[in-house]
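Single-structure report; data block below.
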C-alpha cells in the first residue's frame, strides 16, 4: 500500500509510513512447549507438513502463531509480485517471473516480512484459491487470474483457526496445496498454476468436534495444549500480557536479544538441515514403532524422520540421537492411531509406551 499523502503549502508530500503494530514476542510466551516446538520444526523444514493444534479456548494459539511469523527474518521477494516469488528459485516463482528470469531480464527485488495469512472461517473456495476472469480471458486472450489467499501465503504461514469447523472440501484443497507446493485453478478449460509453499497451521477446540481421521493424518504434527493449572504460572502470564499492553516497545526491548538469538538459531538450522544424518538402525526402529502402532501408510515414518532431523539441526548438531526422536515421535504419530472406542489410553501415552519398548528404554527414558 502506498504511503498516505498530505498537502503542505499547496503541494502534496508523502506522510511518514505507518508503524507496524507491535506483536507479542515469541520468546516471552510461557509454557505450551509442545506447540512451540512443533511450530519451530515446521519453520526449519516446511516439508514436515504443518501442525494441527488442538486445545482449550484462550490458551494463546493465535498469539503464538503471530509471534512466530513476526520472529522470522525478512525474505527476498520479487517486488510487487502477487505470489511473493523468490528472485532465483524457480520452484518458488510465478510463471510471469520465471519467464522474465529465463529471458535473462532483471527482476526488481525487495525485502519483506514473512507473510502470515489468517483464513476466515466463512471463506469460499474462490477466495482461497483465486479466480479466473473468463470474459477477459476470451475477449483479450490473456489468463486473467485474480490471486487468492493461497497466493498471498506462498513462502509464509497460513493459519486456519477452528479448522474442524471448516468445510471438508476446503480443508482438502489446503492440504493438497501444502503437500504439493502448488495451487491449480481450472475453469472452462483455462488452467492457472502458481507456487503455494506455506506452513499450514490449523487449530481447533476438541469440544467443537474432531477433524476426520483421513484429513487429520495429512497434518505433519499434532500438538495438544491445555490451560495452565499452576496459579503462579497463570499470574506470570497475566502480568506479562498486562506489561506488554501498557508499554509494548519497552517490553519488546527487554526480549530483543532473545528474539535475535532464536532467529539466528532458526536460520542456522535451515542452512545445516541437509547435513544432518539419521542412522539406518534408528530409521528401522522408527518404522518399527509405526508398524507396532498400526499406523496406516508411510506418512508417519517420513514425518518422524524429518522432524527428528529438524530438531537435531535446531540443537546445532549433525547426528540424530534417540532422545531427538523421543521428543518428536508423539507429536508426529499420536493423531495417526486408530481410535478404539473401548480404549481409554491417551494416544500420547500409547506412542510413548511403544517407543520405549522398541528402543529398549525405561519409562523414564533411560536406556
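The values are calculated or read from the model by the stated rules, or taken from the named source; none is laboratory data. Just so it is clear, the model here is predicted, and its values are computed rather than measured. With ideal geometry, Cβ positions are generated from the backbone for all residues, glycine too; neighbour counts draw on all protein chains shown.
Remarks
- Helices (runs of 4 or more DSSP H) within region 91-193 that include 3 or more residues buried (at least 19 other Cβ atoms within 10 Å of the Cβ): 149-153, 168-180
- Filter result for residue 156 (at pLDDT 80 or above, within 15 Å of the chain's Cα centre (by Cα) and on the phi < 0 side of the Ramachandran plot): yes
- Positions within region 29-61 being farther than 26 Å from residue 165 by Cα, surrounded by fewer than 20 Cβ atoms within 10 Å (Cβ to Cβ) and either in the same structural domain as residue 312 (by TED's automatic domain parsing) or at pLDDT 90 or above (or both), in sequence order: none
- Candidates are the residues of region 194-212 that are in a loop (DSSP other than H, G, I, E, B) and out of contact with any strand residue (DSSP E or B) (no Cβ under 6 Å at 6 or more places or on another chain); the one that is farthest from residue 52 (Cα to Cα) is 197.
- Region 213-276 holds helices (runs of 4 or more DSSP H) entirely within its bounds, and those carrying 2 or more residues that are touching a helix residue (DSSP H, G or I) at 6+ places or on another chain (Cβ under 6 Å), within 19 Å of residue 60 (Cβ to Cβ) and not assigned by TED's automatic domain parsing to the domain that holds residue 58 map to 231-246, 248-272.
- Check on residue 64, at pLDDT below 85, surrounded by 18 or more Cβ atoms within 10 Å (Cβ to Cβ) and under 27 Å from residue 256 (Cβ atoms): no
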